[in-house]
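The structure appears right after this line, and notes come after that.
Where a number appears in this text, it was derived from the coordinates with a stated rule and is not lab data. Treat the numbers as computed from the prediction; the structure is a model and nothing was measured. Cβ placement follows ideal geometry from the backbone for every residue including glycine, while neighbour counts extend to all protein chains displayed.
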Amino acid sequence: MKYLLSVLSLTVWLGFQSKADDYKASMFGIKSNGTTLNTHSIQKAIDFIHEKGGGRLVFYVGRYLTGTIQLKSNVTIHLEEGATLVGSTNIYDYNLSVRFPALITAYSADHIAITGKGVIDGQGRELANNVTDQVQKGILKDDLANDRSARWRPKGIYLRECKNVELSGIVVKNAAEWVVVCDQIDQLKIDKITVDSKAFWNNDGIDIVDCKNVLISNSYIDSSDDAICFKSHDATKMCENVEVRNCVARSSANGIKFGTVSSGGYKNFKIINNKIFDTYRSAITIATPDGGLVENIFVDSLFAYNTGNAIYLRIGARWNKGRTGSMKGITIQNMYCEIAEGKADAGREYEGPVEDLPRNISPASIVGLPGQYITDVTLKNIEIIYPGNANPNYAFRGISPADLDSIPEMPAAYPEYSQFKELPAWGFYLRHAKQVTMDHVILRAKGKDYRPAIVLDDVQGALFSAMTLADPSKKKKQIHVYNSTDIFLPK
Amino acid sequence: MKNLFAHISLFFFLSPLALCAKDYNASLFGIKSDGVTLNTQSIQKAIDFIHEKGGGKLDFYVGRYLTGSIRLKSNVQIELKEGAVLVGTTSIHDYLAVEGKRGLIVAEGQEHIAVFGKGVIEGQGAGLFDALQKQIQKGYLTENAQEASPAIVSLSHCKDIRIEGLHLQNACGNALIFSHSQAIHMKDVAIKNRALPLLNGIVFMACEGVLCQKLFIESSGKELSTSADCKSFTLEGCKNAAGKLLVFGK
Amino acid sequence: MKQIHPTLLRLLLFLVSFQAFTKDYIVSDFGAKNDGITLNTCSIQKAIDFIHEHGGGRLVFESGNYVTGSIYLKSNVTLQLDYGATILGSTNPFDYVKDKKIGWMSMIFAVNQENIGITGKGTINGRGFITANNMVNYIHRGVYTDPLKYDRPNETNRPQNIYFRECKNIVITDITLRDPASWNQTYDQCKNVYVNHITVDSKSYWNNDGIDIVDCDGVVIKNSYFDAADDVICFKSHSPDFFCQNVVVDSCVGRSSANGLKFGTVSRGGFKNFKVTNLTIFDTFRSAITFAAVDGAEIENIVVDGVRSINTGNVIYLRIGDRWGKGKKPYMKNITISNVYAEIPLGKPDAGYNFEGPIEDLPRNISPASIVGLLENKIQNVTLKNIHLVYPGGGNPLYAKRGLSPAELDGVPQMRDAYPEFSQFKELPAWAFYVRHAEGVHFENVTFTANKKDYRPAVVLDDVQNASFKRFVVEEPESAGKQQVFPYKSSAIQLN
């Protein structure tokens, strides 16, 4: 009910946008030839419209080269079909005096929007390579972790502490780092946008950081890093009242991800009717390694095809600075997922990194920490199809107490489904969890697997009903329970 | 057995490599991790540069690095960090041979060389074999397919070689070929060589002082192939896909 | 002129035989991809080697974009670029070889080969701007060594499109050459070079010469169009033991931010037996024609017939200097230039082009055409016939002045060892023609027009022996009675 209200209020303020004056880009000397650097002309236009009380800056067909521009209150950038805002490949055309350089920025603005059927193209690969060059020459300082700059690569869109923000219709391409970032926004609507960005490392599709009252709908995301990603950078803030509906996403990392940075946390989410395909890591990952609180997450009708993993829920203790991360009230229902045998994102230019070898295909996992249980998880009407064919000679983890205890806790590690290397189950691995309900869950492996379907380790309270677990080995015991209490298994 | 090991370790610890080693990032040489840029000459430039500076290590971080044959030079180490994949191009004419054996990484008469790390070397064997077959059918390559198929590593007359920790997969030919080389140390390497039928894992010809530890070799042909004139050969905890321990000369 | 014809005949005969034995091979059959991304160096090289080893033929590039680094062309192989086919240079400088014998980088090399060619309506595009800038980056990073003189890599450390050395029987026809990082195409100590109907469009980086012929014997360049950042058609002599000789240049059109037709700058051996006909030069920063013998070159028997020089900074510059000659005695004699029409602009003729020619030698008013030898090495026997040069005039003595007093005329520096350009002396004392240290200079049916009054006379002769002016006309507004020919230290001057 709460969400419904927030969504309603979104629609109310959107009505306001309708009356606004249009200003053509050419009025400000902005050139559509693709070679004139328009940064200052576009900024002048925005400032002018802002001072006149607001309106739309309209770009018609053409290529508009620019460096960093800053949106101001009551200004809409409207990109007509065929109009492309092209990011300069010269890093010094970007405002580098801020923590997060970006092509399009806004700070503390109210009522801003980017609309239309046009394109924003960051030319991120060339830009990123030029950044590396400046670092290699010693002009820009950066420690080049992983042989790439973390500090200077500009994001596509970075909006911070704004109110009433709308992104609709546009195509955002090829950022040098994250693509669309909304940080501490209240009342955010993202509708019918396309994110197409496999230009460089860390191309997250959409990052929602500590935002309130968010609706992301009808959008298509194809990105080299996480597609739809919720983050919490500020321990005093969180992402809350968020709805994701009718989106399709592909990624060389995760489809839908909570984290990695998760200082404050995530509350009241509805993730409904989304599709994930050709995705290297998990269809959905919810991680709280930095002390954040995760509560009341409702996922319904999630369809995942050719992904490396289905579900990964994880509490860690990485940058939590004494705070304790928690996760409770997670419901996932009506989910169908096919796990890839090979590499789900093979052939992409920035394929997800092959890590944590040797391991056979990893199971979906719910992994808390000792004493920090992931609590109240409901999985209902779920089907996951696995390739099977694990080879114990390549990688092996048995179900003896010694084997199970040897799985590292890895509290401080970066949370990915593959982080434990070989796991002892082929379908679902649960550790440090409480009150887990599985109803009508089907796990199927196409090839024989030496492992059981499900392993429970330190699970306190589980109710499994109407379950189908099958691999061709016809082994009798597909569920292995270790170190757990109050476990009710189907007959 | 003990004598043998002492003999081998003598080779390894003579290596002066660690003393003057400097680390170089691949990006210094413009090597791109985008999976589509053919980096052959940039990587070669890096190896030559490091070699001329007296040695050091070329670091590849996470990413896919497309390349044709590169020639390793003395005192140069290549480290593939976790997530780094060295990807062999599928164009057969981009491969060089030593002693008639093509390879993605080749060296002849070099010493103190190493390729190691948690990364992967992907041979793209199936695609490469297709290209190779076409060239043979058209008469542009005169060797037979087996002779022409590139290995992932082909070293000849080298000394003090370390290959450690890597995943080597999908070669077009045998995965690794060592000929007339000495002091070879392979450890914790997983080889998956099943892209094409009848391919071996590792081929040793006239090698001396070989120590293989904890190798996993899954291949469509023999896991190990050794010529009769190999000397001082030690296998410790090496197994095949079926879990069978590998033995010298079998 | 008689000596030219056997050359042509020889070339034509060889061309006929050249066409006879062609067998075609398709480059994609060797695995080369036309996707504009795949680096095809090794596949193309394999194809060339294969054709070479199997009796020769054409390597056909069907339409599409083929990326490559350095390749070596071999005997009896012709690269045929079909309409729509483009060979794209890799933008990675490490994909290029700096040939040890040649000492330069190039995309297409040939060394000691014969019967080779590049034909067809396709394009070779070096993408040199990007490559050169990538090279600059590697130099700054310390990965490549270069002093970065003028803040750019030395031209030998930037790839040319084509460099052929010591080859015989070369055919270059129909192709378009674009944007190398250095010169476009060099034929060095080659015999029988036939260039017909090519286009050079190249303003991508410094030193983008259109075509460089170095110490070649038997050259035909005709029906070609050049638009280049540096010299358009450039003959050089790198070796004191070789000449450029027996050369025909016919029906070419050129534009440059340097010179149109140039001999030099490196000019050690010399240039002999040239016939240049129907040459058009426009929008060119320096001279339509520059012949320089500054490194000991011997220049003789040069016939230029038919030049249109429109919006070009200077028309004729003949110069003997003494730069790198190491004692070798240069000479320049028997030069005939006829049927020339030239318009010299007031402004910068190449304004707005990429890599405009450098503005140097200021202050000076519009410079005259010049023939400048050395005191001990005079330029001999120059005939200028049927010539009309139109100058803007308007030389302003308050901006720059060189008067006619002996002190001022002697004050024009000799600049024996300087880089030879028409502007090098800064202000000169004439507005149309300045001649110094020459013997036997004959003007016939010559008109010099200044559109505005100039403070200088049309012609100054300084140390000229035996000069004649027949049917000589000077047109300059408000200048009735002005002495337009001013001889100084000269003798045997005949005026009309």
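Principal axis analysis of the Cα atoms in the range A:260-491 yields extents of 47, 44, 35 Å, listed in decreasing size.
Along its principal axes, the range A:285-367 has C-alpha extents of 41, 30, 23 angstrom, given from the largest down. When you filter the GluC sites (Glu not before Pro) in the range A:327-383 for DSSP loop state and at most 16 other Cβ atoms inside 10 Å of their Cβ, you are left with A:Glu341.
By the count of other C-beta atoms within 10 Å, a proxy for reagent exposure, A:Ile139, A:Ile315, C:Ile48 are ordered fewest to most as A:Ile139, C:Ile48, A:Ile315.
All distinct Cα pairs of chain C go into the 1/r average, and the inverse of that average, the Kirkwood radius, is 23.3 Å. Here's the picture: charge each Lys and Arg Cβ at +1 and each Asp and Glu Cβ at -1 in the protein assembly as shown, and of B:Ile113, A:Val377, B:Ser179 the one pushed furthest to the positive end of that dipole is A:Val377. Cross-link partners of C:Lys470 among lysines, defined as those whose alpha carbon lies under 29 angstrom from its own and excluding same-chain residues fewer than eight positions apart: C:Lys2, C:Lys262, C:Lys272, C:Lys275, C:Lys333, C:Lys378, C:Lys385, C:Lys452, C:Lys453, C:Lys482, C:Lys489. Once the C-beta distance of A:Ser97 and C:Lys401 is scaled by a Förster radius of 51 Å, the resulting FRET efficiency is 0.45 to the nearest 0.05.
Among the trypsin sites (Lys or Arg not before Pro) found in the range C:311-354, those both in a DSSP coil and sparsely packed, with 13 or fewer other Cβ atoms within 10 Å of their Cβ, are C:Lys326.
If you add up the charges near B:Ala241, with Lys and Arg at +1 and Asp and Glu at -1, over every other residue whose beta carbon is less than 11 angstrom from its beta carbon, what do you get? The answer is +2.
Would you be so kind as to identify which of C:His238, C:Phe271, C:Thr383 lies farthest towards the positive end of the dipole of chain C, taking Lys and Arg as +1 and Asp and Glu as -1 on Cβ and the Cα centre as origin? Ranked along the dipole, the leading option is C:Thr383. Annotation: the range A:104-247 has a Kirkwood hydrodynamic radius of 15.4 angstrom, from the mean reciprocal C-alpha pair distance.
Of all lysines in the structure, those lying under 19 Å Cα to Cα from C:Lys426, and not within fewer than 8 positions of it along the same chain, are C:Lys348, C:Lys401. Rounded to the nearest 0.05, the FRET efficiency derived from the C-beta distance between A:Lys24 and A:Asp110 at R0 = 22 Å is 0.35. A Stokes-Einstein calculation at 10 °C with viscosity 1.306 mPa s, built on the Kirkwood radius of the range C:226-322 over Cα pairs, returns a diffusion coefficient of 122 µm²/s. Positive end of the dipole of the range C:1-230 (Cβ unit charges, origin at the Cα centre): among C:Leu39, C:Ser63, C:Trp206, the Cα lying farthest that way belongs to C:Trp206. Restricted to Cα atoms, the range C:1-230 shows a radius of gyration and a Dmax of 16.9, 57 angstrom. Annotation: extensible slack from A:Lys446 through A:Phe303 equals 49.6 nm (criterion: 0.36 nm per residue apart, minus Cα-Cα distance). Label-to-label distance for A:Lys321 and C:Tyr150 is 5.7 nm, based on points extended 7 Å past Cα in the beta-carbon direction.
A simple charge model with +1 on the Cβ of Lys and Arg, -1 on the Cβ of Asp and Glu and nothing else charged puts the dipole of the range C:1-230 at about 220 debye relative to its Cα centre. Translational diffusion coefficient of the protein assembly as shown (Stokes-Einstein, Kirkwood radius from Cα pairs, 20 °C, 1.002 mPa s): 61 µm²/s. Think of each Lys and Arg Cβ as +1 and each Asp and Glu Cβ as -1; about the Cα centre, that makes the dipole of the protein assembly as shown roughly 640 debye. Here the calculated FRET efficiency for C:Asn496 and B:Lys134, from their Cβ-Cβ distance with R0 = 56 Å, stands at 0.10, rounded to the nearest 0.05. Taking all Cα pairs closer than 8 Å and separated by 6 or more residues, the relative contact order of the range A:27-105 comes to 30 percent.
The range B:36-79 and the range C:256-295 have Cα centres separated by 46 Å.
Centre-to-centre separation between the Cα atoms of the range C:346-395 and those of the range C:473-496: 19 Å.
As a rough footprinting exposure proxy, the listed residues B:Glu111, B:Glu164, C:Glu421, A:Glu81 were ranked by other beta carbons within 10 Å of their own, and the order from fewest upward is A:Glu81, B:Glu164, B:Glu111, C:Glu421. Look at the alpha carbon pairs under 8 Å that are at least 6 residues apart: their mean separation over the length of the range C:276-496 gives a relative contact order of 18 percent. Among the chymotrypsin sites (Phe, Trp or Tyr not before Pro) within the range C:389-496, those in coil by DSSP and having at most 13 neighbouring Cβ atoms inside 10 Å are C:Tyr399. Computed over the range C:125-201, the P(r) tail beyond 21 angstrom holds 39 percent of alpha carbon pairs.
Ranked by how many other Cβ atoms sit within 10 Å of their own Cβ, fewest first, the residues A:Met327, A:Met238 fall in the order A:Met238, A:Met327. Each part gets one Cα centre, and for the range A:70-100 versus the range B:230-250 those centres are 61 Å apart. Each distinct pair of alpha carbons in chain A adds a 1/r term; the inverse of their mean, the Kirkwood radius, is 23.3 Å. Measuring between alpha carbons in the structure, the pairs from A:Lys72/A:Lys163; A:Lys72/A:Lys141; A:Lys446/A:Lys475; A:Lys343/A:Lys380; A:Lys275/A:Lys343 lying more than 21 angstrom apart are A:Lys72/A:Lys141; A:Lys343/A:Lys380.
By how many degrees, between 0 and 90 and to the nearest 10, does the Cα long axis of helix C:128-141 differ from the longest principal axis of chain C? It is inclined by approximately 90 degrees.
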